[in-house]
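Have a look at the structure below, then the notes.
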Amino acid sequence: MIICIDIGGSAIKAAIATSASDIKPLNRVPTPLHDREAFDAAIGGILARHPRSRAVSISIAGVIDPADGRIKVANIPCIDGRPLGEELRQRFGLPVHIANDADCFALAEATLGAGRGASVVFGIILGTGVGGGLIVGGKIVNGAGGFAGEWGHGPILPLSAGDPPRSVPQIKCGCGQTGCVDTLGGARGLERLHAHLHGEQLQSTGIIANWEAGEKKANQTMELYLDLVSRPLALVVNVVGANIVPAGGGLGNSSQLVARLDEAVRTKILQRRDAPLVVPAMCKVEPGLVGAAILGFQQ
């Protein structure tokens, strides 16, 4: 039995797993953001209730450098820049395996979800922002610095796009660069794009609902959004040779958005295929915990 933990900026979720497909969720607790002792106590409280566990496997909203295990997680300052896995191992005396939450999402999809049986899976998260993970041969691919799969970052957005061409706002990203896909490709980015085009403040759910109902302003926003997001995603598909691209996150819940993104990507890649490439994710319930379980049992 292993303990699976999914650590986000608001909550720490946990589960016990006896196999990659036998996962029993436990109660969640608030994430201590600024108090390291409270953070470790929250983890320790989970472990204390399950003393027979043989390892801890963690999915976290941060990037882990494979060279030294240090984690970059801006929204949880008390562990930012720390070798979290090694520190938890020393404190609790158990093996600790840790990976980025988008990597865990992609691993869950490649093993038990929409990418099951595919040799190369690129999982994308269209949530508050944009994330991704690359799975080859059933294993997470992690390059120097742990940044493999992070297609949301890099100054690549054009100054104009769409048909007819419309101006594209160049927004400074949390990573320090300007013009990243993350600034316009997630839910907050979609809202920024709609406000830029129409001077109208709407939540992403409202924009999607209006678009699905055929409203003109929302349609203009979504046409530009799909053009902007499909370009870099098509490039990723060309580079890694993905067989399937499961899409998760809040925006990924719109089947119409995923279908239209799939169409747009397939017109831009080198391979011509009739079968869908970008598809809805299938591991809808806590894919971070599912991916953490798979990671733990692989180790």
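The values are calculated or read from the model by the stated rules, or taken from the named source; none is laboratory data. Everything quoted here is computed from the prediction, not taken from an experiment. Note: ideal-geometry Cβ built from the backbone for every residue, glycine included; neighbour counts use all protein chains shown. For the accessible areas, the whole protein counts, side chains as well, though only heavy atoms, and no ligand, DNA or RNA atoms are used. Shrake-Rupley method; radii C 1.70, N 1.55, O 1.52, S 1.80 Å.
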Checked segment 119-131 for anything small (G, A, S), touching a helix residue (DSSP H, G or I) at 6+ places or on another chain (Cβ under 8 Å) and modelled with pLDDT of 95 or more; matches are G123
With the first residue restricted to segment 2-31 and required to be free of Cβ contacts under 8 Å to residues at least 60 places away in the same chain and farther than 19 Å from F297 by Cα, and the second required to be open to solvent by less than 30 Å² (accessible area, probe 1.4 Å) and among the charged types (D, E, K, R), Cβ contacts under 8 Å at 6 or more apart or on different chains are I12/D6
Where R192 falls short, out of the listed (1) in contact with a strand residue (DSSP E or B) (Cβ under 8 Å, 6 or more places away or on another chain); (2) part of a helix (DSSP H, G or I): (1)
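Please state which one of N253, N243 is surrounded by fewer than 19 Cβ atoms within 10 Å (Cβ to Cβ), modelled with pLDDT under 95 and not basic (K, R). I'd like the intermediate steps shown before the answer.
Working: N243 fails: modelled with pLDDT under 95.
Only one candidate qualifies: N253.
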When (1) outside any loop (DSSP other than H, G, I, E, B); (2) touching a residue at least 60 places away in the same chain (Cβ under 8 Å); (3) surrounded by fewer than 17 Cβ atoms within 10 Å (Cβ to Cβ) are applied to L235, the one that fails is (2)
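Could you check, for segment 88-102, whether at least one of its residues is of a type outside the set (A, V, I, L, M, F, W, C), buried (at least 21 other Cβ atoms within 10 Å of the Cβ) and at pLDDT 95 or above? Working first, answer last.
From segment 88-102, those of a type outside the set (A, V, I, L, M, F, W, C) are 89-91, 93, 95, 97, 100-101; that's our starting set.
Narrowing further to those that are buried (at least 21 other Cβ atoms within 10 Å of the Cβ): 100-101.
Among the residues that remain, those that are also at pLDDT 95 or above are: none.
Scanning segment 88-102 turns up no residue that is of a type outside the set (A, V, I, L, M, F, W, C), buried (at least 21 other Cβ atoms within 10 Å of the Cβ) and at pLDDT 95 or above.
Only residues that are open to solvent by less than 80 Å² (accessible area, probe 1.4 Å) and out of contact with any helix residue (DSSP H, G or I) (no Cβ under 6 Å at 6 or more places or on another chain): list them for segment 25-34, please. Can you show your working first?
Restricting attention to segment 25-34, the residues satisfying the condition of being open to solvent by less than 80 Å² (accessible area, probe 1.4 Å) are 26, 29, 31-33.
Of everything in segment 25-34, those that are open to solvent by less than 80 Å² (accessible area, probe 1.4 Å) and out of contact with any helix residue (DSSP H, G or I) (no Cβ under 6 Å at 6 or more places or on another chain) turn out to be L26, T31, L33.
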Taking segment 164-186 and the residues there that are open to solvent by less than 10 Å² (accessible area, probe 1.4 Å) and part of a helix (DSSP H, G or I), the one that is nearest to S254 (Cα to Cα) would be G185
When residues of segment 1-24 are limited to those that are open to solvent by less than 60 Å² (accessible area, probe 1.4 Å) and assigned to a loop (DSSP other than H, G, I, E, B), the one farthest from S59 (Cα to Cα): M1
I'm told L190 meets every condition in (1) under 17 Å from V130 (Cα atoms); (2) at pLDDT below 95 except one. Can you identify the failing condition by its number? (2)
For H198, only one of the following conditions fails: (1) free of Cβ contacts under 8 Å to residues at least 60 places away in the same chain; (2) out of contact with any helix residue (DSSP H, G or I) (no Cβ under 8 Å at 6 or more places or on another chain). What is its number? (2)
Within segment 141-157, the residues that are over 18 Å from K72 (Cα atoms) and touching a residue at least 40 places away in the same chain (Cβ under 8 Å) are I156, L157
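Can you tell me which residue among S53, S57 is among the polar types (S, T, N, Q), open to solvent by less than 80 Å² (accessible area, probe 1.4 Å) and part of a strand (DSSP E or B)?
On the way: S53 fails: part of a strand (DSSP E or B).
On inspection, the qualifying residue turns out to be S57.
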How many of the residues making up segment 265-299 are open to solvent by less than 20 Å² (accessible area, probe 1.4 Å), under 11 Å from A234 (Cβ atoms) and part of a helix (DSSP H, G or I)? 1
Contact list, first residue from segment 81-94 and on the phi < 0 side of the Ramachandran plot, second anywhere and of a type in the set (S, T, N, Q) and open to solvent by less than 30 Å² (accessible area, probe 1.4 Å), beta-carbon distance below 9 Å, six or more apart or interchain, is L94/S53
Every residue from segment 7-46 that is over 22 Å from P77 (Cβ atoms) and out of contact with any strand residue (DSSP E or B) (no Cβ under 6 Å at 6 or more places or on another chain): T18, S19, A20, S21, D22, N27
